[in-house]
Amino acid sequence: GTTMENRRIHMKKRKKKRKKIWTFVLLPLLLVIIGGATYATFLFNKAQSVIQQSFEQIDGREKSEKRMKEVDPNSDNISVLFIGVDDSSIRQEKGMGAVRSDALVLATFNVKDKTIKLLSIPRDSYVYIPIEKKYDKITHAHAYGGVKATVETVEELLDIPVDYYVKMNFEAFVDVVDELGGIEFNVPYELREMDSKDRKNAIHLKPGLQTLNGEEALALARTRKYDNDIERGKRQQELMKAIFKKAMSIKSLTKFDDIMEAVGKNMTTNLTFEEMKGFFAYATKDAGANIETLHLKGEDARISGVYYYRLDESTVNEIKQTLKTHLDVSSYQAQTEQFAQEQ
């Protein structure tokens, strides 16, 4: 028991030492890590314990209210909401109160075609937040009621079930990219941005294809100075794909061990290890090819002096339809009626 105890103390110390950072990029990586885990019992057990430690059910919610029965990623089409949170020490020092979500990416998985759709939801989107019974920025849902409020807001917006969530802060992000030996990325413009320790202009990138280390990738994922939230969402999706590609090519098992360590401490999810194994099948060699990225169109708006991103109704409706088709779900209303007929 003492070695475990020492390790726990050591982990706690390490946790304190590292400054918290955020941003959003790990869906594919997660799948790959778990996928890679099948190849070695050691990793398999490691992955299992990492996931067990990260497991956290949503309060009072066994399944989405938009589902008649529970789903299983091994056999059903499912959706996962990835929530990147900004809980940096700077934000806490400034007493900025409750943690907001800084990035939201909804992934839908079609089990028959083995396809994935990624939808980035801009943080300032003006949406109805059920828990507050009012319209506000979607990023505030997390501050009002954590994961539950965020998930319910996304369900309300898109009229589809959100079956699972994965919430991460990105203390892990820099580590993961570094453990992978950096990622190939085409930087769109020259950029000066703070690093994870919030040091001004610590990162300076020139445009063009290059290998980015963790800090550089983070700066590119988090910058909002050079374009807008929509472009930022696209960059985050592209970074996700780049990480996926690199992770797929990694042969070294020790690397996976280190990556899991980094991710595990900075993640909570309501996926069990058994459920996660359902994602193996998606982590194929041409993984990049079966991921489609979707974008919500809209326009900048000021409402009572506050900046919002007002979503374009017709785009929202189009995306609703696309996702319903991909998940093969009818509206909850239709499901209920069908269920009643079957009884």
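The values are calculated or read from the model by the stated rules, or taken from the named source; none is laboratory data. The model shown is predicted, which means the values in this text are computed figures rather than measured ones. Neighbour counts run over all protein chains shown; Cβ positions are idealised from the backbone, glycine included. Note: areas computed on protein heavy atoms with side chains; ligands, DNA, RNA excluded. Shrake-Rupley method; radii C 1.70, N 1.55, O 1.52, S 1.80 Å.
In the stretch 138-184, the qualifying residues are those that are more than 18 Å from the chain's Cα centre (by Cα) and at pLDDT 95 or above, and the one that is nearest to LYS265 (Cα to Cα) is GLU156. Checking each residue in the stretch 129-159 for being touching a His at 6+ places or on another chain (Cβ under 9 Å) and aliphatic (A, V, I, L, M) picks out ILE129, ALA149.
For the stretch 121-141, the count of residues that are part of a helix (DSSP H, G or I), buried (at least 18 other Cβ atoms within 10 Å of the Cβ) and among the hydrophobic types (A, V, I, L, M, F, W, C) is nonzero.
In the stretch 201-212, the qualifying residues are those that are modelled with pLDDT of 95 or more and polar (S, T, N, Q), and the one that is least open to solvent (accessible area, probe 1.4 Å) is GLN210. Please tell me if SER304 is under 22 Å from ASP113 (Cα atoms) and modelled with pLDDT under 95. Answer is no for this residue. Looking across the stretch 114-160, the residues that are among the small types (Gly, Ala, Ser) and farther than 22 Å from GLU299 by Cβ come down to ALA143, GLY145, GLY146, ALA149. When LEU294 is tested against (1) modelled with pLDDT of 90 or more; (2) open to solvent by 60 Å² or more (accessible area, probe 1.4 Å), only condition (2) is not met. Please go through the stretch 213-255 and pick out each residue that is in a helix (DSSP H, G or I), within 17 Å of ASP178 (Cβ to Cβ), at pLDDT below 80 and open to solvent by 10 Å² or more (accessible area, probe 1.4 Å). Correct list: LYS245, THR254, LYS255. The residue pairs whose first member lies in the stretch 66-79 and is closer than 14 Å to SER330 by Cα, whose second member is open to solvent by 70 Å² or more (accessible area, probe 1.4 Å) and outside any loop (DSSP other than H, G, I, E, B), and whose beta carbons are closer than 7 Å, counting only pairs six or more residues apart or on different chains, are LYS66/TYR332; MET68/PHE339.
Mind listing just one residue for me: the one in the stretch 297-329 that is of a type in the set (Val, Ile, Thr) and in a helix (DSSP H, G or I) and, of those, surrounded by the most Cβ atoms within 10 Å (Cβ to Cβ)?
Among residues in the stretch 297-329 that are of a type in the set (Val, Ile, Thr) and in a helix (DSSP H, G or I), the one surrounded by the most Cβ atoms within 10 Å (Cβ to Cβ) is ILE319.
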